[in-house]
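The values are calculated or read from the model by the stated rules, or taken from the named source; none is laboratory data. In this text the structure is predicted, and so the values were computed from the model without any measurement. All Cβ positions, even for glycine, are placed from backbone atoms using ideal geometry, and neighbour counts span all protein chains on display. Note: areas computed on protein heavy atoms with side chains; ligands, DNA, RNA excluded. Shrake-Rupley method; radii C 1.70, N 1.55, O 1.52, S 1.80 Å.
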Amino acid sequence: MTPAMTTELWQLSATELAESIRTGQTCSVEVVEAHLRRIEAVNPSINAIVIVLGEQALEAAKAADQALAAGDDVPPFHGVPFTIKDNIDVAGTPTTQGLKALAAAYPSRDAPIVERMRAAGAIPIGRTNLPSGAIRWHCESELWGATINPWDQSRTAGASSAGEAAAIATGMSPLGLGSDGLGSLRHPAQCCGVAALKPTLGRVPHATTIEPEYAPIGVQLTGVNGPLARRVADLKSAFETIAATTWRDPWTVPAPLRGPEPRKPVRVSIVVDPAGQGTAEQVQEGVRRAATALEDAGYDVDEVEPPLITVAANTLLIMLSTPGIRRGWQEFMSPIAPADTRRFISAFFEAAGHPDVMTAEQSFMTRQAVLRAWGEFLEVHPLIVAPICTDPPFEAGTDLDDGRVAETIRIMRMALAVNALGLPAVALPVGIGNGLPQAVQVIGPQYREDLCLDAAAAIEARLGTITPIDPR
């Protein structure tokens, strides 16, 4: 079958591919083959996909086409390929986290979000790169090497979900799954020009069968899994697929996917320079562009910022640098981590001030106080549009230079604040400035991903998308 389209199959969004398969314009085998050819052509130059599941994907695609031909009811992502970050379990492949010590760490079952994507008909086609241990704001692992930014090879592709973002930006995958503990979904989305959803804490389950299966409380409160794509509609469909409760993650909450209709017009807080600490003009321009788009869509836009941004970001540092976490790092992770990862963690703990037990305990109370203050702010302004990183992508490999970790904490302050508070945020591109993507994050109240996605869709409808691209 030949689809009645003028674009290549790898250029289509996940929902477009699903519709084309469902209506017989193409078939799953053709879609998977198109993406495998794209991977073969592009991946050697950017190193985004580290394990290609070609044979398995083609077998699954044949089964998908047979089911459709037999007249079976088909789920929303029937026959559509997707990729998965290499710290999320996929049965039959190792969950390496980019570490040589975990090169043979095979999980006994899929992560819950992978199970749900398979149940929705999606087909795993590859595992994507991440920094060793998913630690650093530059994607380079001892096992797989560095992922290259497809816009500019001299710049970072971003934090730990950068393999996903680069693969999606270049058309090797229409949809992916990643994680976000320090901005790791949203920062690569900014660097590579794609969209990502960081959900509310407890919305999307996380579970692994690879030791250690359990995490310290600071990590439990701040890290989440979520989808990446080129289109906001794909984020919405993926979110609706993977968001649900499971016994495997006790944090998951049975909250409705759509909340009460807000009072119209919805008021939006525009944050151009978080906490007045300096934001690059390229980034500010993107925020103002998003604000204009929302005004055009009927939103009520105010340039006012939520309280205690810096306090929230600093609280995250302490929550992730408690004496227990530092001891666990030294005893369990440091011995298997490469030198670059150890350097990053040392600088991160230094920036946090090596908090004692009382300071660490106080940080969780501070988190509660800040979350309450933001909750009050969000009662008036249910949405916040702000930078992700306040600088464009930095030079690749410079994230470990002297003083650079502390500086990156400063420029990532708005992203870190959102992690500290467990709030939802959609990252999306809003244009190109100086040859690099411009992006914003749309932040909302707890469990109001629907508001974030609606606003992001309104921005996208007016400003368009900027990928897929060929590596430059």
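Residues whose amide H comes within less than 5 Å of that of ILE270, counting only those at least five positions distant or on another chain, are ASP302, GLU303, VAL304, VAL385 (H built at 1.01 Å from N in the peptide plane).
Amide H to amide H distances under 5 Å link ALA439 with VAL430, where only residues 5 or more positions off or on other chains count and H is placed in the peptide plane. Helical content of the chain, expressed as a calculated mean residue ellipticity at 222 nm, amounts to -12000 deg cm²/dmol (DSSP H runs of 4 or more residues, -39,500 (n - 2.57) each, divided by residue number, nearest 500). Taken one residue at a time, the phi angles of the range 83-98 give Karplus couplings (6.51, -1.76, 1.60, θ = phi - 60°) of 10, 9, 4, 7, 10, 10, 5, 10, 4, x, 10, x, 9, 7, 6, x Hz. Gly and Pro are set to x.
How would the range 309-437 be classified by its alpha-carbon gyration tensor: rounded, prolate or oblate, with rounded meaning a/c under 1.5 and the a/b versus b/c comparison settling the rest? Taking the square roots of the gyration eigenvalues as a ≥ b ≥ c, the range 309-437 is oblate.
The charge dipole of the range 1-72, taken about its Cα centre with unit charges on the Cβ of Lys, Arg, Asp and Glu (plus for the first two, minus for the last two), comes to roughly 100 debye. For the range 357-472, a simple Cβ point-charge model (Lys and Arg +1, Asp and Glu -1, everything else neutral) yields a dipole of about 180 debye relative to the Cα centre. How large is log10 of I(q)/I(0) for the range 246-314 at q = 0.11, 0.25, 0.29 Å⁻¹ when the intensity is taken from the Debye formula with one equal scatterer per alpha-carbon? So the normalised log intensities are -0.46, -1.06, -1.22. Within a straight-line Cα-Cα reach of under 18 Å, LYS100 can be paired with the following aspartates and glutamates, leaving aside sequence neighbours fewer than 8 residues apart in one chain: ASP86, ASP89, GLU140, GLU142, GLU211, GLU331, ASP340. If R₀ is 30 angstrom, what is the calculated FRET efficiency for the pair ALA339 and SER108, using the beta carbon separation as r and rounding to 0.05? Plugging the Cβ-Cβ distance into 1/(1 + (r/R0)^6) gives 0.40. Computed in the context of the full set of protein chains, the accessible area of the chain at 1.4 Å probe radius has 52% of its extent on carbon or sulfur. TYR447 sits with roughly 60 Å² accessible to a 1.4 Å probe, with DNA, RNA and ligands left out of the calculation. Counting 0.36 nm for each residue step from ALA119 to ALA373 and taking away their Cα separation leaves a gain of 87.5 nm. Among the DSSP helices (H) of the chain, those spanning at least 18 angstrom by Cα along their long axis with an average Kyte-Doolittle hydropathy of 0.5 or more are 449-463; this is a geometric and hydropathy rule only. Here the Kirkwood formula puts the hydrodynamic radius of the chain at 21.9 Å, using every distinct Cα pair.
Judged by the gyration tensor of its Cα atoms, with axes a ≥ b ≥ c, the range 132-264 is oblate; a/c meets the 1.5 cut and b/c is at least as large as a/b. For the peptides 68-78, 227-237, residues were scored by their other Cβ atoms within 10 Å and the scores averaged per peptide; the highest-first order is 227-237, 68-78.
How far, in nm, would the chain grow between TRP247 and GLU285 when pulled straight, counting 0.36 nm per residue and subtracting the alpha carbon separation?
9.3 nm
Annotation: per residue accessible area for the chain equals 37 Å², rounded to a whole number [probe 1.4 Å, protein chains only]. With the cut-off at under 14 Å, measuring from each backbone N in the range 231-274 to a point 7 Å along the Cα-to-Cβ line of ALA461 picks out 232-233, 266.
Given in Å, the Rg to one decimal and the Dmax to the nearest whole number for the Cα atoms of the range 1-73 are 13.0, 41. Peptides 340-348, 27-35, 178-186 ordered by packing proxy, namely the average of other Cβ atoms within 10 Å per residue, highest first: 178-186, 27-35, 340-348. In whole angstrom, how far apart do the alpha carbon centroids of the range 438-472 and the range 245-270 sit? So the two Cα centres are separated by 17 Å. Charge dipole of the range 101-255 (Cα centre as origin; +1 on each Lys and Arg Cβ, -1 on each Asp and Glu Cβ, all else neutral): 360 debye, rounded to the nearest 20. Taking label positions 7 Å along the Cα-Cβ direction at both ARG37 and MET358, the computed distance is 6.8 nm, reported to one decimal. Computed extension length for ARG22-LYS100: 24.0 nm, one decimal, from 0.36 nm per residue of separation with the Cα-Cα distance subtracted. Placing +1 on the Cβ of each Lys and Arg and -1 on the Cβ of each Asp and Glu in the range 17-149, which of GLY92, ILE148, PRO112 has its Cα farthest towards the positive end of the resulting dipole? The Cα lying farthest towards the positive end belongs to ILE148. Summarising the strand pairing of the chain, around 70 percent of its internal DSSP beta bridges are antiparallel.
From the Cα gyration tensor of the range 93-193, with a ≥ b ≥ c the square roots of its eigenvalues, which class applies: rounded if a/c is under 1.5, or else prolate if a/b is larger than b/c, or else oblate? In terms of gyration-tensor shape, oblate.
Packing, taken as the mean count of other beta carbons within 10 Å per residue, orders the peptides 459-470, 387-398 from highest to lowest as 387-398, 459-470. Only lysines eight or more places from LYS198 in sequence, or on another chain, were considered; those with a Cα closer than 27 Å are LYS85, LYS236, LYS264. With Cα atoms defining each centre, the range 135-162 and the range 52-70 are spaced 31 Å apart in the structure.
Computed from backbone phi with θ = phi - 60° and the Karplus coefficients 6.51, -1.76 and 1.60, the 3J(HN,Hα) list for the range 200-217 is 4, 3, x, 7, 10, x, 10, 7, 9, 9, 8, 5, x, 6, 10, 10, x, 4 Hz; x is used for glycine and proline.
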